[in-house]
Amino acid sequence: MIIKNGKIVTPKKVIENGYIEIIDSKIFSINEGSTNLEGIDVNGAWIMPGFIDAHVHGGYGVDFETGNKERFNVFSKNVAKEGVTKYYQATVTNSEKDNNKYLTEFNEFMKTKNKGAKCLGIHMEGPFISKEKKGAHDQKLLIAPNIELAKKWNYISGNNIKIITFASDLQDGSFTKYCINNDILPSVGHSNMEAKEFEKDYLLGIKHVCHIFNGMSGVDQRKPGLATAALNYSDVLVEVISDGIHINNEILKLIYKIKGPEQICIITDSMNAKGLDDGKYKIGNLEVIKKGMTVKLTSNGVLAGAAATFDHNVRYYKKTCNIEMIDLAKMTSSNIAKQMKLKDTGSIEVNKLADIVVLDNELKVLLTIGEGQIIYKK
Ligand SMILES: [Zn+2]
């Protein structure tokens, strides 16, 4: 396959007019100029690395809690419309018994070949989080980080748990070590800690913070919290929900100014109602109302996951901070690929997987290619 006449965003530079040759699942060559070879003419559109969503609960009527082999595939097919080529399936807080069941279903799905974007595993968000910053997680089911449970769940999932978000102040460092020693990315979030409490686990190797500013203690001048620590530690990657709803524009600018394009990864945190009509839905056991891109708990009006698409969040962050395309590609793809040690994806380079999104000049998705196959075409 050849994709030609595009502005190619490579890690080092933007090729103003070039073409990419794809053989099987991989990028075979990246070339400047035009070609007479037959291929897909993208007419000056942007060619970017496919987006990687490290934190997505669902959309299009599917989520972890209601998924099965077929339904997970419905999600993986639909999310390709957003330019996503790889993602981590996020969970909410569930009972032990429910998680056993859901993880069994998920394991079955992971044995199949995804029809659209490729799922790379689980991002477990809860139950190891704090009551004070629970967000849309069921308070009755919250518990302190528990190695035995994590081990059991990871076994049931087929060793597919790749990220665990937990309140690191609720454990003594042993849970952090468990994650690191088992190739699970420890991610700090949903915590009411004071900023200085972050250091203990940072020194053990924690370098990831779950959706900064959402579900955490913030930037108070006398009682700085987790958001402050996440900003202060320059080599900590922060997830950002840049939908324009979860974080005010001035804070989006502040995060960008302090962290820079190298230490941000855009996520959606979207839930099952993304892509569906407005109305009442459920997150785990809790009822929510979706209106446009906003989802709130019916009981208390707290924001409960998101309903914006990945490409929306990309456009929104770019517009708010006037981000260069080469930097944007780090925030959508390569930063999280590095964080997850994915050597074969996350950037447009020879020999990497052909995970590519083609975007028009307004950054709307025209074409998504996952591992050399067209998985969405407008
Ligand atoms: Zn989430």
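With a ≥ b ≥ c taken as the square roots of the eigenvalues of the C-alpha gyration tensor of segment 50-346, please select rounded if a/c is under 1.5 and otherwise prolate if a/b is larger than b/c or oblate if it is not? In terms of gyration-tensor shape, rounded.
The label-point distance for residue 34 and residue 2, in a model that sets each label 7 Å from Cα toward Cβ, rounds to 1.3 nm. Phi-derived couplings, Karplus 6.51 cos²θ - 1.76 cosθ + 1.60 at θ = phi - 60°, listed residue by residue for segment 214-227: 9, x, 7, 5, x, 10, 9, 5, 10, 9, x, x, 4, 4 Hz, with x used for Gly and Pro. Rounded to the nearest 10 degrees, the inclination of helix 147-156 to the longest alpha-carbon principal axis of the chain is 40 degrees. Backbone amide hydrogens, once placed in the peptide plane, bring residue 276 within less than 5 Å of 60, excluding anything fewer than 5 places away on its chain. Note on segment 1-139: with neighbouring protein chains present and a 1.4 Å probe, carbon and sulfur make up 47 percent of its accessible heavy-atom surface.
Inter-label distance, residue 23 to residue 132: 5.8 nm, where each label sits 7 Å from its Cα along the C-beta direction. When the charge dipole of the chain is built from unit charges on Cβ atoms (+1 for Lys and Arg, -1 for Asp and Glu) and taken about the Cα centre, the candidate among 218, 237, 30 whose Cα reaches farthest toward its positive end is 218. Return the lysines within reach of residue 341: Cα separation strictly under 19 angstrom, same-chain partners fewer than 8 residues apart disregarded; answer none if there are no such residues. By straight Cα distance, residue 341 reaches 26, 86, 118, 162, 177, 207, 330, 352. Can you list the residues, at least 5 places off or on another chain, whose amide H is less than 5 Å from the amide H of residue 121, using H built in the peptide plane? Under 5 Å from the amide H of residue 121: 89. From the P(r) of segment 86-170, can you give the percent of Cα pairs sitting at distances over 22 Å? I get 24 percent for the Cα pairs in segment 86-170 exceeding 22 Å. I need the shape label for segment 46-107. Rule: rounded when a/c is under 1.5, else prolate if a/b > b/c, else oblate, with a, b, c from the alpha carbon gyration tensor. Since a/c reaches 1.5 and a/b is larger than b/c, the shape of segment 46-107 is classed as prolate.
Projecting label points 7 angstrom from Cα along Cα→Cβ for residue 373 and residue 222 puts them 6.0 nm apart.
Length gained on full extension, residue 16 to residue 183, computed as 0.36 nm times the residue gap minus the Cα-Cα distance: 56.2 nm.
Only bridges whose two residues both fall in the chain count here: according to DSSP, what percent of them are antiparallel, nearest 5? Roughly 55 percent of the DSSP beta bridges within the chain come out antiparallel. Helix 310-321 and the long axis of the chain differ in direction by around 90°, with both axes built from C-alpha atoms. Between residue 69 and residue 280, the FRET efficiency estimated from the beta carbon spacing at R0 = 22 angstrom works out to 0.25. Segment residue 364..residue 194, full-extension length gain: 57.2 nm, with 0.36 nm per residue of separation and the alpha-carbon distance subtracted. Taking a Cβ cut-off of under 13 Å around residue 249, the surrounding Lys, Arg, Asp and Glu residues balance to a net charge of +2, with basic ones at +1 and acidic ones at -1. Across all directions, the average flat footprint of the convex hull enclosing the Cα atoms of segment 279-378 is 8.7 nm². Taking a ≥ b ≥ c as the square roots of the Cα gyration tensor eigenvalues, with a/c under 1.5 meaning rounded and otherwise prolate when a/b beats b/c, else oblate, which class fits segment 323-378? In terms of gyration-tensor shape, oblate. Among 125, 105, the sequence by solvent-accessible area, most first, with a 1.4 Å probe is 105, 125. Distance between the C-alpha centres of segment 279-357 and segment 51-79: 13 Å, rounded to the whole angstrom. Here the Karplus curve 6.51 cos²θ - 1.76 cosθ + 1.60, taken at θ = phi - 60°, turns the phi angles of segment 121-138 into couplings of x, 9, 9, 7, 10, x, x, 8, 10, 8, 5, 5, 10, 7, x, 9, 9, 6 Hz, with x standing for Gly and Pro. What the chain shows is 41 Å² of accessible area per residue, with the surface traced by a 1.4 Å probe over protein heavy atoms. Extension gain for residue 97 to residue 203 (0.36 nm times residue separation, less C-alpha to C-alpha distance): 34.8 nm.
The values are calculated or read from the model by the stated rules, or taken from the named source; none is laboratory data. On a predicted model such as this, the values are computed, not experimentally measured, just so you know. Backbone-built Cβ (ideal geometry, glycine too); neighbour counts: all protein chains shown. Side chains are part of the model used for accessible areas, which takes the heavy atoms of the whole protein and leaves out ligands, DNA and RNA. Shrake-Rupley method; radii C 1.70, N 1.55, O 1.52, S 1.80 Å.
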